[in-house]
Amino acid sequence: MSKKILLLSSVIFLSSCATTNISELGDKFLDLINPSDDATEVATLSGEETLVAMDEAGGFTIDELEELSNDELIAIAREKGLEDLILLDEDGNLLNRDQIINAIVESAALLESKSEELESMSDDELIEVAVAKGLSEEIVLDADGNLANRDELVEAIIENAAVTEAAISEFGNNADSFTLYFGYDDTEIDEVATRIIIQHANFMQENPSVNLRLEGHADERGTREYNLALGENRALSVKEVLGLYNLDDRIIVVSYGEEQPILTGSNEEAWEKNRRVEFSYY
């Protein structure tokens, strides 16, 4: 296996060197194997120590992850803040191996993209993002009011993004729906929609770093301008209910009118599917 991933059980090795500092021991052990390998992280796994070496990007390919045991996958998932996605049976065996593998790969891609985006921002823009994500306490300013811990703040925002992504993914597996449907030329929130909105409100209250985009849509009947307004009004109706939970400042509303149909066709089945508001978290 390439040096991108090197997972080694060190129980026997560590037992013979009990007086040695674990992190120092991990570095020495990997130096013996390949002195050019990058720095090593030590992750706890079922009471044992597992040495985890990865490249600077911290990325994994699906093929590399497929070679790992379930316990090793669980350790990596926990390290990446994906613990809430882990499903175990009564005997502690991993039930959703494929989902965990995909989540690890997607998490690495997300963090790499997010890191590049943040690095391109000015200090003022970074501060604005940190405040919006509830990370005000992570901001350190010097005597002149300049950002004094840029690298640390970028890291905190990236870690927050990973936790947020994991929470959204878990909610996606448990929520009743991420889409609300409406009657013809209607913006009314019915009882079914209300129950779904309350689910989403509770999720947002439990995850204060999560923001929501409400995307309004309409079927093809009516003019383009009318349908853009109708899609917006539908999304605003949903936002109004969420506003009862003091979530207004974390919600934006957009309308696509008739431009993004789920089903194409001039029939009732297509029209029903296209009269909708979708919840999109970020």
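Within the stretch 205-229, the set of residues being among the aliphatic types (A, V, I, L, M) and touching a Gly at 6+ places or on another chain (Cβ under 7 Å) comprises 218, 228. For the stretch 183-282, the helices (runs of 4 or more DSSP H) that sit wholly inside it and include 3 or more residues that are within 22 Å of residue 169 (Cα to Cα) are 191-206, 224-243. Taking (1) over 21 Å from the mean Cα position of the chain (by Cα); (2) crowded, with 16+ Cβ neighbours inside 10 Å; (3) among the basic types (Lys, Arg) in turn, residue 133 satisfies each apart from (1). In the set (1) among the hydroxyl-bearing types (Ser, Thr, Tyr); (2) surrounded by 15 or more Cβ atoms within 10 Å (Cβ to Cβ); (3) assigned by TED's automatic domain parsing to the domain that holds residue 272, residue 164 fails one condition alone, (3). Quick check: anything in the stretch 140-149 part of a helix (DSSP H, G or I) and either out of contact with any Lys or Arg (no Cβ under 6 Å at 6 or more places or on another chain) or surrounded by 15 or more Cβ atoms within 10 Å (Cβ to Cβ) (or both)? Within the stretch 140-149 (the criterion being part of a helix (DSSP H, G or I) and either out of contact with any Lys or Arg (no Cβ under 6 Å at 6 or more places or on another chain) or surrounded by 15 or more Cβ atoms within 10 Å (Cβ to Cβ) (or both)), the answer is no, since none of the residues qualifies. Of everything listed in (1) exposed (fewer than 13 other Cβ atoms within 10 Å of the Cβ); (2) at pLDDT 90 or above; (3) not hydroxyl-bearing (Ser, Thr, Tyr), the single unmet condition for residue 89 is (2). With respect to residue 222, is the statement that it is on the phi > 0 side of the Ramachandran plot and either in the same structural domain as residue 247 (by TED's automatic domain parsing) or not β-branched (Val, Ile, Thr) (or both) true? So residue 222 passes the test. Go through the residues of the stretch 168-180 one by one and say whether even a single one is farther than 28 Å from residue 262 by Cα and either of a type in the set (A, V, I, L, M, F, W, C) or at pLDDT 90 or above (or both). No. Condition check for residue 127 on (1) farther than 30 Å from residue 271 by Cβ; (2) surrounded by fewer than 18 Cβ atoms within 10 Å (Cβ to Cβ); (3) of a type outside the set (S, T, N, Q); (4) in contact (Cβ under 8 Å) with a residue 12 or more places away in the chain: one failure, at (2). Pairs linking a residue in the stretch 213-235 that is free of Cβ contacts under 8 Å to residues at least 24 places away in the same chain to a residue that is among the small types (Gly, Ala, Ser), with Cβ atoms under 6 Å and 6 or more positions apart or on different chains, are 232/216; 232/255.
Restricting attention to the stretch 172-204, the residues that are in contact with a strand residue (DSSP E or B) (Cβ under 8 Å, 6 or more places away or on another chain) and not β-branched (Val, Ile, Thr) total 7.
The values are calculated or read from the model by the stated rules, or taken from the named source; none is laboratory data. Note that this is a predicted model, so its numbers are computed, not measured. All Cβ positions, glycine included, derive from the backbone under ideal geometry; neighbour counts span all protein chains shown.
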